[in-house]
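*Asks:* My questions will all concern the structure given below.
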Amino acid sequence: MTTTNRFAHIPRERLPALLQGMPKAELHIHIEGSLEPELIFKLAQRNGVSLGYPSVEALRAAYAFTDLQSFLDIYYAGASVLLKEADFHDMAWAYLTKAAAENVRHAEIFFDPQTHTARGVPMETVIKGLTSATSKARRELGMSAELILCFLRHLSEDEALETLEQALPYREHFIGVGLDSSERGHPPEKFERAFSRARELGLHLVAHAGEEGPPEYIWNALDVLKVERIDHGVRCLEDPELVARLVRDEVPLTVCPLSNQKLCVFPDLRDHNLGKLLEAGLKAMVNSDDPAYFGGYLNQNFTDTFGALGLGAGQAWQLARNSFEAAFLDTPARERYLAELDAYFEGFQ
Ligand code: HPA
Ligand code: ZN
């Protein structure tokens, strides 16, 4: 592959530094999944919420997952400490400062309003708290950050439609909708009307598919929901016709290697198919998914995966380029970021 050879002069021992400083976009991060145990405990205390765990260490020790559902049970319990606008702000600001330090130049951040509105937290509280952090990031960290509202797929389509209507007064504060939570048994087509409504509203459309669910879920996310990106999508390699379709239409896949390892989608990081996805010509990039739960933020995902799979500088450039190409950016911003990426690689010693 030409991209692999182009940066062959960059020695392997310089890869961690290259990956750390490389400009990149993160397109698959659940903000509730960035809630570190220390912040969970601080917010629990601030809000008088009692947690089922006696200490930060006990909570962290419970992070041993066998599949997606075993993670989601703990993830929703952690989110129960979020009550006030300041809580949502503090959570998002903690993520954004970490992301900026890793040279994430642009982030598209998922949030799960139903996890909060179901506990009586108003939609306004959630969106205002998150928006105050993304606005501050633009001003003070020099990075761009946008929000994507996710529907919980274990709930009904009527509830998704209701959630979308509740969010409409804040329409200018989010750029798209997504679909997350328990994948198996909740296929994309369950949300056809909700995505059609979102499309009418001019929102961008993405959906988790092919993480635990079969390739058929990816087909239906594309053909029924008409999504522009697939979140995860790693199971696409089981279906060569699907791969051909994804390559032909340049559909981005927001891959999350440490998440896949921790949720046993692959038995070991060395078994991850990221290298194969790139070889197939798919527009994949690296993301952290739920960094507080899966062992690291974006750079940890890059360095661990590159180490496990023996990937090099050419793939690093391709993955970063894919992240900017797949982002919902306007053309001038995208070109600025792509130029920044090329300048970084050309000047790297
Ligand atoms: N998959 C599905 N739903 C989620 C995830 C995930 O990896 N993280 C948070 N909600
Ligand atoms: Zn996810």
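The values are calculated or read from the model by the stated rules, or taken from the named source; none is laboratory data. Predicted model, so just to flag it, every value in this text is computed and none were measured. Positions of Cβ are backbone-derived with ideal geometry, glycine not excepted, and every protein chain shown enters the neighbour counts. Just so you know, the surface numbers come from the protein's heavy atoms only, side chains and all, with ligands and any DNA or RNA stripped out. Shrake-Rupley method; radii C 1.70, N 1.55, O 1.52, S 1.80 Å.
*Asks:* Can you give the convex hull volume of the alpha carbon atoms of the stretch 18-114 per residue, in Å³?
*Replies:* 122
*Asks:* Moving on. For the stretch 313-349 and the stretch 21-48, what is the separation of their Cα centres, given in Å?
*Replies:* Taking the Cα centre of each part, the stretch 313-349 and the stretch 21-48 sit 26 Å apart.
*Asks:* Around GLU325, what is the net charge, scoring Lys/Arg as +1 and Asp/Glu as -1 over all other residues with Cβ under 10 Å from its Cβ?
*Replies:* +2
*Asks:* What's the lysine pair count for the chain at a Cα cut-off below 17 Å, pairs eight or more apart or interchain?
*Replies:* Lysine pairs satisfying the spacing and distance rule in the chain number 7.
*Asks:* Local charge sum around ASP268 (other residues, Cβ-Cβ under 14 Å, Lys/Arg +1, Asp/Glu -1)?
*Replies:* Counting the neighbours of ASP268, the net charge comes to 0.
*Asks:* Given the protein chains as shown and a 1.4 Å probe, how many square angstrom of ILE10 are accessible, to the nearest 10?
*Replies:* 20
*Asks:* So, one more: Taking the chain as a Gaussian network, Cα atoms linked when under 10 Å apart, which of PHE65, PHE110, PHE302 shows the biggest mean-square fluctuation?
*Replies:* Judging by the Gaussian network model, the answer is PHE65.
*Asks:* When the helices in the chain are scored as -39500 (n - 2.57) per DSSP H run of 4 or longer and the sum is shared across all residues, what 222 nm value do you end up with, to the nearest 500 deg cm²/dmol?
*Replies:* Taking each H run of at least 4 residues, the total per residue is -14500 deg cm²/dmol.
*Asks:* Something else: Taking all pairs of different Cα atoms in the stretch 228-349, averaging 1/r and flipping that mean, what Kirkwood radius in angstroms comes out?
*Replies:* Kirkwood hydrodynamic radius for the stretch 228-349: 15.0 Å.
*Asks:* Diagonalise the Cα gyration tensor of the chain and give the resulting equivalent ellipsoid semi-axes, square root of 5 times each eigenvalue, largest first, whole Å.
*Replies:* 29, 23, 21
*Asks:* Now, a different point. Residues with beta-carbon under 13 Å from that of ALA64, excluding ALA64: net charge, scoring Lys, Arg +1 and Asp, Glu -1?
*Replies:* Neighbour charge sum, excluding ALA64 itself: 0.
*Asks:* Something else about it: Quick check: the angle from helix 68-78's long axis to the longest principal axis of the chain, C-alpha only, nearest 10 degrees?
*Replies:* 50
*Asks:* When the accessible area of the stretch 48-166 is computed with all protein chains present and a 1.4 Å probe, what percentage of it is carbon and sulfur?
*Replies:* C and S atoms contribute 53 percent here.
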